[in-house]
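Visitor: Can you keep this structure in mind? I'll have questions shortly.
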Amino acid sequence: MRPRSVLSFVLMLSLWVVGAPTAATAQALTAVLSVTLDQAKIARIPDGTVTLVIGNPIVADVTMLKGSGAMVVTGKGFGETNLIALDAQGNVLDEKTVRVVPTTTTLIVQRGMERESYSCAPRCMPTVQLGDGKEFNDASGQITARNSLAQPSAGVQSQH
């Protein structure tokens, strides 16, 4: 072989070795849990998990379902955060990336700097999404008021 051919061969071999996927790389690629914004997803947790920690509670929320070996992950805001499962001694059993993605049935209308969202499943109706204009604050106030009406009063007990 000529020196230039040997050099090319060595460079190609080194790129292949460095770029070759390893078991750790494959595991890291599968360690992403994708959740749709404003929706919940049930996922398995490792045996022995007693504590779940979410890195950024603005992006996602997690609740362990006791005794079932599962958790509920809810998408609260766009982006990524991490999720760590710990055993009783505080040892890390698993760590995943939680990615919150937008729904595929939302139509966004952009008018200059103002934005409106519509949920199209199957007919389009106005909806409130992160990033909407000033109507978002108006709508969130209405949603809060509506939800408070649905809550029983503090001193009132339901009768059966």
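Any read-out appearing in this document is the output of simple, stated calculations on the displayed coordinates, not a laboratory observation. Everything numeric here is computed off the predicted structure, so don't read it as measured data. Counting neighbours? That spans all protein chains shown, and the Cβs are built from the backbone with ideal geometry, glycine included.
Visitor: Given axes a ≥ b ≥ c from the Cα gyration tensor, I'd like to know whether the stretch 106-149 is rounded (a/c under 1.5), prolate (a/b larger than b/c) or oblate.
Guide: It comes out oblate by the Cα gyration axes.
Visitor: How long is the gain from residue 66 to residue 93 if the chain were fully straight, where each residue apart is worth 0.36 nm and the alpha carbon distance is subtracted?
Guide: That works out to 8.1 nm of additional length.
Visitor: Also, I was wondering about something else. Is any residue of the stretch 72-115 close enough, with backbone N under 17 Å, to a label point placed 7 angstrom from the Cα of residue 42 along the Cα-Cβ axis, and if so, which?
Guide: 72-75
Visitor: Once phi is turned into ³J(HN,Hα) by the Karplus curve 6.51 cos²θ - 1.76 cosθ + 1.60 with θ = phi - 60°, what whole-Hz value does each residue of the stretch 50-61 show in order, with x for glycine and proline?
Guide: With coefficients 6.51, -1.76 and 1.60, one gets 10, 9, 10, 10, 9, x, 10, x, 6, 7, 8, 10 Hz.
Visitor: So for the stretch 30-101, averaging the separation of alpha carbon pairs under 8 Å that are six or more residues apart and normalising by length, what relative contact order in percent results?
Guide: Reported as a whole number, the value is 40 percent.
Visitor: Now for a different question. Pull up all non-local amide H partners of residue 101: gap of 5 or more, or a different chain, and H-to-H distance under 5 Å with H placed in the peptide plane.
Guide: For residue 101, whose amide H was placed from the backbone, the distant partners under 5 Å are 35, 36, 37.
Visitor: Just need the Rg to Rh number for the stretch 30-101, please, alpha carbons only, Kirkwood Rh.
Guide: Here Rg/Rh amounts to 0.95.
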